[in-house]
Structures are given as structure tokens and as C-alpha cells.
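Chemist: Input: one structure, supplied below.
The values are calculated or read from the model by the stated rules, or taken from the named source; none is laboratory data. Keep in mind the model is a prediction, meaning the values are calculated, not measured. Ideal geometry is used to build each Cβ from the backbone, glycine not excepted, and the neighbour counts take in all protein chains shown.
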Amino acid sequence: MSKDMLREIFRLQERFDQAVVEHRSLQYSKEVWIQKEVLAIISELGEILDEVNFKWWKDTQEIDHERLKEEIVDVLHFFVSMCLKAGIGPDELYQAYVRKNEENFARQEGRTEREGYAWKK
């Protein structure tokens, strides 16, 4: 995904969020909005689990790729909405992701002071 695609996702999400707030007359504090976004993400993650046969006590069914994709996109929808509510834009998110990715590689490769991460050789 290019940074332009990420910016477009944020733009579309902000437009949608504004419409929902306006048409539903919603007014919450930043903290309550973020709590609601987290709960929505948890709900969507549960729907993903349902799509990938996590219930070992039931007969499995073929995974519906389109439904799975839809649930994953729903997680992204609420995640981006949460970023917006927290004041995190696409550029800041991208930069934070790149830094964290580098840190995660450093941990896995044993190049940090943090113990318990390094890959076994």
C-alpha cells in the first residue's frame, strides 16, 4: 500500500465519520470515542474468528474469502477511525509503523537490550 493509498483511506474514513456524527447527532469525548472504536474492533475480530472456523467443536466449513475480507476491512475501518479520533494522521501512522517495524526486527535479531525476543539459532 502506498502512502497515497493510506492517505485516501484516512480521507474516506474521516468523511464517513463526519457524516455519521452529523446524521446521528453524536457527541462523545475523545476517550469515549476511542473506547467505542476499540469495542467495535473487538467485535469485528470476533466476526473474523467465526469466518475461519475457530470453533473446534463444530464441523468446519469452507472459508468464504469475500466475507473474511469484509470483516478484515471492518477492522481497518474502525482502526482508522480510532486513529482519527486520537489525532493520528496517515503520515504519522506510517512513520510510527516504520519505526516500530525496525524495532521489532532489531528485537528478533537480538540487537536490543530487550530479552526474550531473539530468534533461536
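Chemist: Go through the residues of the stretch 80-91 one by one and say whether even a single one is in the same structural domain as residue 7 (by TED's automatic domain parsing), free of Cβ contacts under 8 Å to residues at least 40 places away in the same chain and assigned to a helix (DSSP H, G or I).
Modeler: The answer is no, given that none of the residues of the stretch 80-91 is in the same structural domain as residue 7 (by TED's automatic domain parsing), free of Cβ contacts under 8 Å to residues at least 40 places away in the same chain and assigned to a helix (DSSP H, G or I).
Chemist: Given the conditions (1) in contact (Cβ under 8 Å) with a residue 60 or more places away in the chain; (2) within 30 Å of residue 120 (Cα to Cα), which single one is not true for residue 106?
Modeler: Every condition holds for residue 106 apart from (1).
Chemist: Something else now. Could you tell me which numbered condition residue 38 fails, if it satisfies all but one of (1) in a loop (DSSP other than H, G, I, E, B); (2) touching a Phe, Trp or Tyr at 6+ places or on another chain (Cβ under 9 Å)?
Modeler: (1)
Chemist: Can I ask one more? Does the stretch 93-121 hold any residues that are closer than 20 Å to residue 5 by Cβ and either assigned by TED's automatic domain parsing to the domain that holds residue 41 or not charged (D, E, K, R) (or both), and which are they?
Modeler: Selection gives 93, 94, 95, 96, 97, 98, 101.
Chemist: Turning to a different aspect of this structure: Identify all residues within the stretch 63-121 that are on the phi > 0 side of the Ramachandran plot and modelled with pLDDT under 95; write none if there are none.
Modeler: 110, 116
Chemist: Would you mind stating whether residue 17 is touching a residue at least 40 places away in the same chain (Cβ under 8 Å), closer than 22 Å to residue 71 by Cβ and either surrounded by 12 or more Cβ atoms within 10 Å (Cβ to Cβ) or in contact with a strand residue (DSSP E or B) (Cβ under 6 Å, 6 or more places away or on another chain) (or both)?
Modeler: Taking the combined requirement at face value, the residue satisfies it.
Chemist: Okay, moving on. Scan the stretch 9-52 for residues that are over 21 Å from the mean Cα position of the chain (by Cα), among the polar types (S, T, N, Q) and farther than 16 Å from residue 84 by Cα and jot them down.
Modeler: Residue satisfying the conditions is 25 alone.
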